[in-house]
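*Asks:* Quick one: the structure is below, questions incoming.
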Amino acid sequence: MSRYYCHDHPESLTLATPVLDARPGKAVLAESPFYPGGGGQPPDRGVLRWEHGEAAVTGFELADGKLWHLLASSAEPSGSVEAAVDPEFRRTMRQLHTDTHILNALIYQAFDGALVTGVQMYEDGTARMDFDLPGADNDRIRALEAPINEIIARDVPLTFGYVPLAEAQAQHGLIRSRSVAPPPTPDGLIRIVEIIGLDRQACGGTHLMSTGGSPPLRILKIDNKGRHNRRVRIGLVGPSVVR
Ligand SMILES: [Zn+2]
């Protein structure tokens, strides 16, 4: 796997690309606009269209360094395809994923460098984040909702770059998660996502270009999951999501 197309071209959701390999129900493409999932962010959905057919993309499989696009039918694409990411799904994931960084940054600052122990985003515009927060007061966590929404309203820009893995590991706080460190690229680089002035951390997901692309966020629920683990459920405020 080289660098993801979706990281170098975050706004390009449709791509014409040759089929490199195909079997009934799956295909390898020369380039793919899809995010294949990882780091708590579910894989993109979408569709492949070619001269004699089309099929929904339902998932991904990485085998022998090749990314297989799994299809909803046993069709076998050939020639060149138009690969199209579901724009609504990607938008929701970018919003939610960016907001998990804001929550993560504020928890990290407010609770003495507390680390993430797990994260999962859902298509309904909600997510859960687990933090190693022994003894933290839930009201202090709940009180972060207002500053999260201030950061969204300020429309703070994000930047994206790559640093060598050793440098990322050496810099305190850059690898924020105990469970989901992003895989390095083949050249040993780790992707760094920065919310300017707020947070800088290793991450391989898809994000907004600035925080204002997210609707407001609610902290929905806080659960104690064991002595160390605090589970924070968040949700985007929007028409199909949290009201
Ligand atoms: Zn991220």
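Computed from the coordinates by the stated procedures, all read-outs in this text should not be read as laboratory data. All of these numbers come straight from a predicted model, not from anything done at the bench.
*Asks:* What relative contact order, as a whole-number percentage, does the stretch 84-128 give when Cα pairs under 8 Å and 6 or more residues apart are counted? All intermediate terms of the calculation are to be shown ahead of the outcome.
*Replies:* Numbers: 23 pairs, mean separation 19.0, N = 45.
Worked out over the stretch 84-128, it gives 42 percent.
*Asks:* Please report the relative contact order for the chain, taking Cα pairs under 8 Å with a sequence separation of at least 6, and give it as a percent rounded to a whole number. Don't jump to the answer; show the numbers that get you there.
*Replies:* Values: 530 pairs, mean separation 47.9, N = 243.
Averaging sequence separation for qualifying contacts and normalising by length gives 20 percent for the chain.
*Asks:* While we're looking at this one, here's another question. Find the relative contact order for the stretch 1-144 and round it to a whole percent, using C-alpha pairs within less than 8 Å whose residues are 6+ positions apart.
*Replies:* Working: 262 pairs, mean separation 31.4, N = 144.
This gives 22 percent for the stretch 1-144.
*Asks:* From the P(r) of the stretch 1-135, could you give the percentage of C-alpha pairs in the tail past 23 Å? The partial results should precede the final answer.
*Replies:* Numbers: 3678 of 9045 pairs.
Of all Cα-Cα pairs in the stretch 1-135, 41 percent lie more than 23 Å apart.
*Asks:* Let me ask something else. Report the normalised scattering of the chain as log10 I(q)/I(0) at q = 0.15, 0.16 Å⁻¹, calculated by the Debye formula with identical scatterers on the alpha carbons.
*Replies:* Reported log10 I(q)/I(0), two decimals: -1.03, -1.14.
*Asks:* For K26, give me every one of the aspartates and glutamates with a C-alpha distance below 13 angstrom, ignoring sequence neighbours fewer than eight places off in its own chain.
*Replies:* Within the straight-line cut-off, K26 pairs with E54, E61, E76.
*Asks:* Which whole-Hz ³J(HN,Hα) couplings does the stretch 163-175 yield from phi under the Karplus relation 6.51 cos²θ - 1.76 cosθ + 1.60, θ = phi - 60°, glycine and proline marked x?
*Replies:* Those phi angles translate into 10, x, 3, 4, 5, 4, 5, 6, 8, 4, x, 7, 9 Hz.
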